[in-house]
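**Q** Okay, handing you the structure first.
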Ligand code: C2E
Ligand code: MG
Ligand code: MG
């Protein structure tokens, strides 16, 4: 849209200047190697065993203040930089999986899920680049999962369905992230080639007392069961919430109750300790 607007009577208005402050300098952070990958364990609730990890981007600025990924990967960020983060995260996830697998650490089927933005899925380079990356590793394709936020997926439903179908054809598992807050319909969900849902932590936070959250989760669980989808709950902070989720039939979860996002070294130690428990 032009930044010069015309009033109703054809009167010319002064140019409008964008007053929003510039976003954080992600390009600089990438060039300096300041973007780290942390791993949050995904747990089987009944056994407390680690089944996978979610890779989360971390940026600690020069003054040691953490910049949130919600901020540095916001919709205002340049798509080329978001794509660079995506490449970095999937590359590191595959390298980390390779290390864990070759050291026999973790269960068979251990996976790492990586978050992808809609702008990455929309890029024609995304799929060929990911395929190329997967072809250079011994890690099975199914060990890499991709998470796309429900709200973002709904912004370009046809493209998302077609890209996820192509990903599924090469064996990549996709999950719908922050599920429940995007108001997607059952019809669209049944067309979407995802293998699982991650329940938005907004619903998990209130468990077990909040009856509205509990009924929403019960409904989501029924829907997921009918559509044969795996469910992972996010943001589990208390044993009571974990118990409530398990009672609703949710098998997997992640949250501070088990572990926060961990550095690669700490995640390895967690995996080893979990295997011994
Ligand atoms: P997400 O994918 O839903 O990730 C879960 C967020 O919840 C993470 O925030 C995690 O640190 C936080 N979390 C985990 N357990 C708990 C808990 O028990 N309680 C609470 N209150 N929070 C918990 P984080 O790391 O700040 O990431 C925020 C969002 O930024 C992510 O949400 C994801 O959408 C996005 N993001 C992070 N890394 C990447 C990335 O590499 N690529 C893309 N495209 N997006 C990313
Ligand atoms: Mg996620
Ligand atoms: Mg989420």
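**Q** What pairs come up if the first residue lies in segment 219-231 and is in contact (Cβ under 8 Å) with a residue 24 or more places away in the chain, the second is in a helix (DSSP H, G or I) and surrounded by 12 or more Cβ atoms within 10 Å (Cβ to Cβ), and their beta carbons are under 7 Å apart, counting only those six or more places apart or on different chains?
**A** 227/189; 231/221; 231/224
**Q** Can you find, within segment 70-86, the residue that is nearest to residue 134 (Cα to Cα) among those that are under 14 Å from the mean Cα position of the chain (by Cα) and touching a residue at least 24 places away in the same chain (Cβ under 8 Å)?
**A** Going through the qualifying residues, I end up with 86.
**Q** Which condition number does residue 47 fail, the rest of (1) within 16 Å of ligand 3 (Cβ to nearest atom); (2) part of a loop (DSSP other than H, G, I, E, B); (3) within 18 Å of residue 256 (Cα to Cα) being met?
**A** (1)
Residue-by-condition table, conditions (1) under 20 Å from residue 178 (Cβ atoms); (2) in contact (Cβ under 8 Å) with a residue 60 or more places away in the chain; (3) more than 15 Å from ligand 1 (Cβ to nearest atom):
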site: 216; (1), (2), (3): yes, no, yes
site: 239; (1), (2), (3): no, no, no
site: 254; (1), (2), (3): yes, yes, no
site: 257; (1), (2), (3): yes, no, no
site: 260; (1), (2), (3): yes, yes, no
site: 264; (1), (2), (3): no, yes, no
site: 271; (1), (2), (3): no, yes, yes
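**Q** Can you confirm whether segment 209-219 contains a residue that is in a helix (DSSP H, G or I), within 20 Å of the chain's Cα centre (by Cα) and either within 15 Å of ligand 3 (Cβ to nearest atom) or closer than 25 Å to residue 58 by Cα (or both)?
**A** yes
**Q** Continuing with the same structure: Kindly provide the set of residues from segment 52-67 that are at pLDDT 95 or above and surrounded by fewer than 20 Cβ atoms within 10 Å (Cβ to Cβ), ordered by number.
**A** Listed by number, the residues that qualify are 56, 58.
**Q** Of these, 64, 83, which one is in a loop (DSSP other than H, G, I, E, B) and out of contact with any strand residue (DSSP E or B) (no Cβ under 6 Å at 6 or more places or on another chain)?
**A** Of the residues listed, the single one that is in a loop (DSSP other than H, G, I, E, B) and out of contact with any strand residue (DSSP E or B) (no Cβ under 6 Å at 6 or more places or on another chain) is 64.
**Q** Is it true that residue 30 is more than 16 Å from ligand 3 (Cβ to nearest atom) and at pLDDT 95 or above?
**A** No: the conditions fail for residue 30.
The values are calculated or read from the model by the stated rules, or taken from the named source; none is laboratory data. Computed from a prediction, not measured in an experiment: that's the story for all the values here. Because the Cβ atoms are built from the backbone with ideal geometry, glycine has one as well, and the counts that use them run over all protein chains shown.
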